[in-house]
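Some notes on the structure that comes next.
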Amino acid sequence: MATTSLKKVTARVKLENGSDAEGNMKYVNQSLGDLSESYFSTNPTEAAAKLLAIKNTLAPCLSKAIGSLETVETSEISA
């Protein structure tokens, strides 16, 4: 039976970077760094609230508007 284990969690903001010829917004990713996997997996709501607070604090300091905030989770699969 296959199992997965969380190896890395990274937070990033997607910054608005103009639009394409069809008017669709283009984005660039800006990493906020790696997060504590153990804290993130045991306190997902609190971790999300803290990331949102960081996003809201950074937003006025950036030259581009923040389109969204994401986390990227990397897991290892083993047999």
GluC sites (Glu not before Pro) in the stretch 3-77 lying in a DSSP loop, each with at most 11 other Cβ atoms within 10 Å of its Cβ, come to Glu22
With an 8 Å Cα cut-off and a minimum separation of 6 or more residues, compute the relative contact order for the stretch 3-78 in percent.
51 percent
Enter the Cα centre distance for the pair the stretch 44-79 and the stretch 1-21, rounded to the nearest angstrom.
9 Å
Label point 7 Å beyond Cα of Glu22 along Cβ direction - residues of the stretch 61-79 with amide nitrogen under 14 Å
none
The long-range amide H neighbours of Tyr27, using H built 1.01 Å from N in the peptide plane and a cut-off of under 5 Å, are Asn17
Could you work out how far helix 44-58 tilts from the main Cα principal axis of the chain, as a 0 to 90 degree angle to the nearest 10?
30 degrees
Collect residues whose amide H, placed 1.01 Å from N in the peptide plane, falls under 5 Å from the amide H of Leu35; neighbours closer than 5 in sequence don't count.
Val9, Thr10, Ala11
Evaluate the Kirkwood expression for the hydrodynamic radius of the stretch 3-78, namely the inverse of the mean inverse distance over all pairs of different C-alpha atoms, and round to one decimal in Å.
13.8 Å
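No value in this document is a laboratory result; all are computed from the given coordinates. Just so it is clear, the structure is predicted and the values come from calculations on it, not from any experiment. For neighbour counting, all protein chains shown are included, and Cβ atoms are generated from backbone atoms with ideal geometry for every residue, glycine included.
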